[in-house]
1. Near the amide H of ASP63, under 5 Å away, which other amide H atoms are found, from residues 5 or more places off or on another chain, if H is placed in the peptide plane?
2. Which of the trypsin sites (Lys or Arg not before Pro) across the stretch 232-279 are loop residues per DSSP, with 13 or fewer other Cβ within 10 Å?
3. Could you grab the relative contact order for the stretch 278-370? Cα pairs under 8 Å, six or more apart, rounded to a whole percent.
4. Given contacts defined as C-alpha pairs under 8 Å and at least six residues apart, what's the relative contact order of the stretch 172-284, whole-number percent?
5. Using the Cα gyration tensor of the stretch 284-327, with a ≥ b ≥ c the square roots of its eigenvalues, what is the shape: rounded (a/c below 1.5), prolate (a/b larger than b/c) or oblate (neither)?
6. To the nearest Å, what is the center-to-center distance of the stretch 288-305 and the stretch 208-243, using C-alpha atoms only?
7. Ignoring ligands, DNA and RNA, please state the percent of accessible area on the stretch 69-145 from carbon and sulfur, probe 1.4 Å.
8. In whole percent, how big is the carbon plus sulfur part of the accessible area of the stretch 239-370, probe 1.4 Å, protein atoms only?
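The values are calculated or read from the model by the stated rules, or taken from the named source; none is laboratory data. Predicted, not measured: the structure shown is a model, and the values here were computed from it. Here Cβ is always computed from backbone atoms with ideal geometry, including for glycine, and neighbour counts include all displayed protein chains. All accessible areas refer to the heavy atoms of the entire protein, side chains included, with ligands and DNA or RNA removed. Shrake-Rupley method; radii C 1.70, N 1.55, O 1.52, S 1.80 Å.
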Amino acid sequence: MPDSRQNDTAQSASAGPLRLLNDCLKVETGQSLLVVGESALAGYYDEGAAERVAAEASGLGLDVTRLTVAPGLNTKKDQEALLAAIKGYDHVVFFARAGDQIRFSSDLAGQSIAMSYALDLGMLESDFAAASYNGLCRLRDTIDAFIAEASEIRVTCPRGSDYAGAPVKQTDRAAGPAEVTVRRFPMLIVKPVTAAGFRGRVALSRFLAGTGSRFYQPYALPLEADVFALVEDNRVVEFEGPKNVVSQIRAHYRDIAERYDLDPWFLHSWHAGIHPASDYTQAAAAHYERWSGGAFGNPRILHFHTCGDYAPGEISWTLVDATVSVDGIAVWQAGRLHPERVPGAPEILADEPALAALYAQPCRGIGITD
């Protein structure tokens, strides 16, 4: 079953692939394109999405090459081999988790590379991929700018989170959260907001999951009860909740931190989804790895990057239906993004009526029903 519904606003089955090729990668006739995929047997990507993009690219006059890679990079040698394999192409698109694992690599600077979060043909042929890529990028940049200049941001959620502060400006710290060098397709999320300058209580509920940086086992830790993480700036100070659940969380953090020589209690950053047609219908618990790479663009999800002093860290916290108030304006309210409340965004929506229509009736599927 596809993970995103086929809506009437999708122009055609080709609309999504052409958004990827023309708007995201900006391909030109005669250029080379490498389509990197992974086997459908791994249960994460299907092979239909990659095949469809390769066919559309060939129809546009590109020289297309296909490459199948393992479902995850396990060593530095694996990463170096992949980086070498994708050199020399005018454009590269990943339908493989390996693309996520190299998305912060400085070795990719200057290359035209996209990571597809349309995990199957259904998602690729839906409004999820067909929605205006340029419009979403413009909205993302406008929201980013609004957040960056805020005097106070407060994040709350139905489970009791209350987390507030102000973003630390680049001039105040040597470096803020890194942004990816690989383009996301579709555009799904705002830039990570540094945890420096924030403090409060964050509800950890349902499960903890990996971030797509590495694929380890167990990838998720189901939680039988909610626990609050007490945080100050970039530190997790304490956990409050049932002792047995707190013990399980601490053990999980120590395990992952020891495997990769990380600071377990470093809280790096957070951000929320912005895509109104992100509709993930498979239960998160059915495949936590796939969920973590397929659902996070929905505005109902806000996630934190923890366990490691880098984005995205190795363990994420997920808030569902959060409210994010920026200088008193609820930009996300109960999990619904209201871009029209952000200065400059109404003009973008006026330029993009089909995108505005999607925000008026956003998708709700995130693989979590409780």
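1. GLY30, GLN31, SER32, LEU33
2. Values: sites: ARG235, LYS243, ARG250, ARG254, ARG259; in loops: none.
Listed in order of number, the matching sites amount to none.
3. 31
4. 30
5. Values: a/c = 2.47, a/b = 1.15, b/c = 2.14.
The shape class here is oblate.
6. Answer, in whole Å: 15.
7. Using a 1.4 Å probe with all protein chains present, the stretch 69-145 comes out at 49 percent carbon and sulfur.
8. Numbers: 2440 of 4760 Å².
In the stretch 239-370, the share of accessible area belonging to carbon and sulfur is 51 percent.
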